[in-house]
Amino acid sequence: MDRIIDLRSDTVTVPTQKMRDVMRDAPVGDDVLGEDPTVERLEAMAAERFGKEKGLFVTSGTMANQVTVMTLCQRGDQIIVHNNSHIYNLEVGGLASTCGVQPRAIHAPSGYFNLEELNREIHSPDIQRAPTTLICLENSFDLNRGLAVPRDHILQICTLAGKASVNTYMDGARVFNAAIALGTTVEQLTKGVDVVATCLSKGLGCPVGSLVMGDAAFIDEARRMRQRLGGGWRQAGILAAAGILALEEMVDRLAEDHDKARVLAHGLIELGLGVDPAQVHTNIIYVDLSPVGFDSARFADALAQLGVKIKPVGPMEFRMVTHKDTHSEDIPMVMEKVKICLERLEQ
Ligand SMILES: *Cc1c(COP(=O)(O)O)cnc(C)c1O
């Protein structure tokens, strides 16, 4: 059988040989004591890249989100989130159980909040209501669609939040993808946002790690909150070395993943599947099977038997994610297998 083509997520990417080499040779120390030079280098590099004062290296995107909310909010605060966001749906209830905040989820089609609605939901404390202290954005938006939310909308939200003295946070797990899709830099795209986080372990190919960037006072306190969660680590420079390489060498190539996604999306449309090409902004393709009338679990099983893995995300919907370990020769191969699969299921 041919090689397995895994399009479930960009989290399946494995470190490059060069990444493994720099990890092996990284100078390290005890990071809880502030003595790991490689971690310090990565954090400084990240802060500079995002135009913020300081950075903090954490284990995962989930930890980045939790640490940020724990640092910026008091228990009992209300925070505003997108109804389809990762922080609200996929973190095991951490906002409630770990941070003790009350999330208010707002419908935000394609990552756009309705500004009037947003304004209405910003409560100041009174005898009955929880104060709103944080607005969480996500970019790219929605892990099953990867839509890039442009800077104008983000700035509007930041202005609105600033007037109400509410902090803003961008969960930018895939913010490098968003910036590339919009033809801008992450610094420009996150300007005005108080805190931003990004994942190193998705499209950038690192084995472990996320970064949180913000002002110095925030990061100093976030470091304590990371410790509270058991996220203080020792010779983490082994992992940070991969992060440095990723920031230096793995960012620009994300454009190739977007190209592969566009080609694949067009191929799927030709085969009769429901894909909106205008919604393929980055490396994620959201596919609707209802035009061909199959359910996604059955379709995913059939395709897996042919060596292509996809992720069902609804009864008739699945996603495909292109990444550095998707070769360009894989795209026609995937199309061929989807075609075979459609013919088989029709019988
Ligand atoms: C993947 C992801 C996370 C969580 O990252 P982990 O490293 O898997 O914990 C958070 N937010 C978004 C938008 C993501 O895509």
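Here is how the numbers come out for the structure above:
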item	result
Some residue of segment 92-115 being charged (D, E, K, R), at pLDDT 95 or above and out of contact with any strand residue (DSSP E or B) (no Cβ under 6 Å at 6 or more places or on another chain)	no
Any chance A304 is more than 24 Å from the chain's Cα centre (by Cα) and outside any loop (DSSP other than H, G, I, E, B)	yes
Search result, residues across segment 1-43 that are surrounded by fewer than 21 Cβ atoms within 10 Å (Cβ to Cβ), among the acidic types (D, E) and more than 30 Å from A304 (Cβ to Cβ)	D21, D25, D30, E35, E40
Selection status of S97, surrounded by fewer than 24 Cβ atoms within 10 Å (Cβ to Cβ) and in contact with a Cys (Cβ under 9 Å, 6 or more places away or on another chain)	no
Breaking point among (1) open to solvent by 10 Å² or more (accessible area, probe 1.4 Å); (2) of a type outside the set (D, E); (3) in contact (Cβ under 8 Å) with a residue 12 or more places away in the chain; (4) within 28 Å of A148 (Cα to Cα), for I238	(4)
Those residues of segment 318-340 which are open to solvent by 40 Å² or more (accessible area, probe 1.4 Å) and either free of Cβ contacts under 8 Å to residues at least 60 places away in the same chain or in a strand (DSSP E or B) (or both), in sequence order	H327, E329, E336, I340
Count of segment 178-212 residues which are surrounded by 24 or more Cβ atoms within 10 Å (Cβ to Cβ), of a type in the set (S, T, N, Q) and near the ligand (Cβ under 10 Å from one of its atoms)	2
Residue within segment 164-171 that is out of contact with any His (no Cβ under 9 Å at 6 or more places or on another chain), over 30 Å from Q227 (Cβ atoms) and away from the ligand (no atom under 15 Å from the Cβ) present	yes
Those residues of segment 63-115 which are away from the ligand (no atom under 16 Å from the Cβ) and closer than 22 Å to A216 by Cα, in sequence order	T71, L72, C73, Q74
Complete set of residues in segment 281-293 that are part of a loop (DSSP other than H, G, I, E, B), in contact (Cβ under 8 Å) with a residue 60 or more places away in the chain and open to solvent by less than 50 Å² (accessible area, probe 1.4 Å)	T282, N283
Looking only at segment 225-235, and only at residues there that are touching a helix residue (DSSP H, G or I) at 6+ places or on another chain (Cβ under 6 Å) and among the small types (G, A, S), the one that is surrounded by the fewest Cβ atoms within 10 Å (Cβ to Cβ)	G232
Within segment 264-276, tally of residues that are part of a helix (DSSP H, G or I) and under 19 Å from L147 (Cβ atoms)	5
Search result, residues across segment 50-62 that are more than 10 Å from the ligand (Cβ to nearest atom) and either within 14 Å of the chain's Cα centre (by Cα) or open to solvent by 10 Å² or more (accessible area, probe 1.4 Å) (or both)	G51, K52, E53, K54
Meets criteria (within 16 Å of the ligand (Cβ to nearest atom) and either open to solvent by 50 Å² or more (accessible area, probe 1.4 Å) or touching a Leu at 6+ places or on another chain (Cβ under 6 Å) (or both)) for V175	no
Residue in segment 35-46 that is assigned to a loop (DSSP other than H, G, I, E, B) and away from the ligand (no atom under 16 Å from the Cβ) present	yes
Test set (1) of a type in the set (A, V, I, L, M); (2) modelled with pLDDT of 95 or more; (3) within 12 Å of the ligand (Cβ to nearest atom) - A148 fails condition number	(3)
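The values are calculated or read from the model by the stated rules, or taken from the named source; none is laboratory data. Just so we're clear, the structure is a prediction, and the values are computed from it rather than from any experiment. Cβ: placed from backbone, ideal geometry, glycine included. Neighbour counts: every protein chain shown. Accessible surface areas use protein heavy atoms only, side chains included; no ligands, DNA or RNA. Shrake-Rupley method; radii C 1.70, N 1.55, O 1.52, S 1.80 Å.
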